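S.K.: This structure is in structure tokens; I'll ask about it shortly.
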Amino acid sequence: GNISAAIENFLMQNIGVSKSTLNLIKEIMLDYDPMDLDCDGVVNARDMVLLRTALLSDVIDTKFDINADVVIDIRDLIHMKKYLAGLISKV
């Protein structure tokens, strides 16, 4: 909501907290879903786009290891698609 956005903006602009640090704070304080890559509270197509973009650009970040096999590859995208389709649970 507006209060959350205001707090985030304050922390980033006035205190100098980075977006990645802010995401870590959210992860610790909220019941965080590791598949919620954009930290908006839901796992949806936007998260899949972020994962796909990361795969295409060879980003090496453990948050994109969706299936927890220590490899970031197409299997992570398949896992997220199956999860979104309701075929599997998280991990």
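S.K.: Accessible area per residue of the chain at 1.4 Å probe, in Å²?
M.R.: 69 Å²
S.K.: Which one, (i) 7.1; (ii) 6.5; (iii) 4.9, gives mean projected area of the Cα convex hull in nm² as derived from the coordinates shown?
M.R.: Calculated mean projected area of the Cα convex hull in nm²: the matching label is (ii).
S.K.: Counting only other residues whose beta carbon sits under 14 Å from that of Asp38, what net charge do I get with K and R as +1, D and E as -1?
M.R.: So the surrounding residues net to -2.
S.K.: Which value, in Å² and to the nearest 10, is the accessible area of Ile15 when all protein chains are kept and the probe is 1.4 Å?
M.R.: Spelled out: Ile15, probe radius 1.4 Å, area about 100 Å².
S.K.: Rounded to the nearest Å, what's the spacing between the alpha carbon centres of the stretch 1-58 and the stretch 60-86? Just the number, please.
M.R.: Measuring centre to centre over Cα atoms gives 17 Å.
S.K.: Moving on to the next point. What's the lysine pair count for the chain at a Cα cut-off below 15 Å, pairs eight or more apart or interchain?
M.R.: Going through the chain pair by pair, I get 5.
S.K.: Can you order the peptides 4-11, 59-66 by their average number of other Cβ atoms within 10 Å per residue, highest first?
M.R.: Peptide ranking by packing, descending: 59-66, 4-11.
S.K.: Report, in debye and to the nearest 20, how large the dipole of the chain comes out about its Cα centre when Lys and Arg carry +1 and Asp and Glu carry -1 on their Cβ.
M.R.: 180 debye
S.K.: Let me ask you something else. Would you work out the relative contact order for the chain, in percent, from Cα pairs under 8 angstrom that are 6 or more residues apart?
M.R.: Answer for the chain is 16 percent.
S.K.: Heavy atoms of the protein only, probe of 1.4 Å, neighbouring chains included. What is the accessible area of Arg75 in Å², nearest 10?
M.R.: 120 Å²
S.K.: Heavy atoms only, probe 1.4 Å: what % of the accessible area of the chain goes to carbon and sulfur, would you let me know?
M.R.: About 61 percent, which is the carbon plus sulfur part of the accessible surface.
The values are calculated or read from the model by the stated rules, or taken from the named source; none is laboratory data. As the structure is a prediction and not an experimental result, all values here were calculated from the model. All Cβ positions, glycine included, derive from the backbone under ideal geometry; neighbour counts span all protein chains shown. What goes into the accessible areas is simple: the full protein's heavy atoms, side chains included, and nothing from ligands, DNA or RNA. Shrake-Rupley method; radii C 1.70, N 1.55, O 1.52, S 1.80 Å.
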